[in-house]
Amino acid sequence: MSRVSLRVNGTDHDVECDVRTTLLDALREHLDLVGAKKGCDHGQCGACTILVDGRRINSCLALAVAYQGREITTVEGLSDGDTLHPVQQAFVDNDAFQCGYCTSGQICSAVAVIEEAKQGWPSAVTDDPPEADIELDHDEVRERMSGNLCRCGAYANIIPAVLEASE
């Protein structure tokens with residue numbers, strides 16, 4: 001067992017856990033932050049996607065002890081009180097969820113996708129090396145969100161939600 005200090009959604013937490021505890025399990029079992037879901041537990045579905053220092057990670061593959069001192073943001077930390085984050089609002093407005101199991105991971109990933117494009121990070125479908133920010137279109141969003149799976153098939157609404165939030 002080890003004491004792990006985690007900064008989650010702007011609040012510091014001390015957690016007593018096994019050094020093999022994943023960040024996902026620390027969030028869910030020790031901090032009662034259940035937005036990130038355990039889907040495959042192998043980093044293949046994206047249901048556990050959270051943000052660390054603004055970049056998305058699969059929290060089921062990350063050990064909690066490795067993320068001390070980092071700024072961790074879960075879906076619960078995106079809103080500002082009762083005001084939803086623009087991506088959260090776009091998901092609601094576009095009915096971009098069905099069962100909702102993957103939604104928190106989809107939303108965290110979408111927040112990162114929009115920022116990656118603003119910073120000019122190319123994807124596999126970006127035509128030319130960008131000089132500045134990349135304008136997201138259907139193909140860019142589909143490629144960049146490909147690590148987040150939805151068993152219900154809400155993709156037809158997820159892509160427009162991400163595009164709307166990016167505007």
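Exactly one residue out of 92, 75, 52 is within 21 Å of residue 115 (Cβ to Cβ) and in contact with a Phe, Trp or Tyr (Cβ under 9 Å, 6 or more places away or on another chain), and it is 52.
In the stretch 148-167, the qualifying residues are those that are in contact (Cβ under 8 Å) with a residue 12 or more places away in the chain and in a loop (DSSP other than H, G, I, E, B), and the one that is surrounded by the fewest Cβ atoms within 10 Å (Cβ to Cβ) is 153. Residue selection: residue 110 fails the criterion of being surrounded by fewer than 19 Cβ atoms within 10 Å (Cβ to Cβ), closer than 15 Å to residue 55 by Cβ, at pLDDT 95 or above and of a type in the set (Gly, Ala, Ser). Every condition in (1) over 21 Å from residue 150 (Cα atoms); (2) within 11 Å of the chain's Cα centre (by Cα) holds for residue 69 except the one numbered (2). May I ask you to verify whether residue 124 is surrounded by fewer than 17 Cβ atoms within 10 Å (Cβ to Cβ), at negative phi and either touching a residue at least 60 places away in the same chain (Cβ under 8 Å) or not assigned by TED's automatic domain parsing to the domain that holds residue 12 (or both)? Yes; evaluated as a whole, the condition is true for this residue.
Residue count for the stretch 69-88 satisfying the condition of being in contact (Cβ under 8 Å) with a residue 24 or more places away in the chain, hydroxyl-bearing (Ser, Thr, Tyr) and in a loop (DSSP other than H, G, I, E, B): 1. Scanning the stretch 10-53 for residues that are over 13 Å from the mean Cα position of the chain (by Cα), of a type outside the set (S, T, N, Q) and not in a loop (DSSP other than H, G, I, E, B) yields a count of 13.
For first residues located in the stretch 128-147 and assigned by TED's automatic domain parsing to the domain that holds residue 162 and under 13 Å from residue 163 (Cβ atoms), partners that are loosely packed, with under 14 Cβ neighbours inside 10 Å and modelled with pLDDT of 95 or more and lie 6+ apart or on another chain with Cβ distances below 6 Å do not occur.
Residue 65 fulfils the conditions (1) assigned to a helix (DSSP H, G or I); (2) among the aliphatic types (A, V, I, L, M); (3) assigned by TED's automatic domain parsing to the domain that holds residue 156 except for a single criterion, (3). Pairing residues of the stretch 89-101 that are over 18 Å from residue 34 (Cβ atoms) and of a type in the set (Asp, Glu) with residues that are at pLDDT 95 or above and assigned to a helix (DSSP H, G or I), at Cβ distances under 8 Å and at least 6 apart in sequence or on separate chains, gives 93/161; 93/164; 95/157. Here residue 91 clears all of (1) surrounded by fewer than 19 Cβ atoms within 10 Å (Cβ to Cβ); (2) part of a helix (DSSP H, G or I); (3) aromatic (Phe, Trp, Tyr) except the condition numbered (1).
The values are calculated or read from the model by the stated rules, or taken from the named source; none is laboratory data. Source: prediction; values computed, not measured. In this analysis, Cβ positions are derived from the backbone assuming ideal geometry, glycine residues included, and neighbour counts consider all displayed protein chains.
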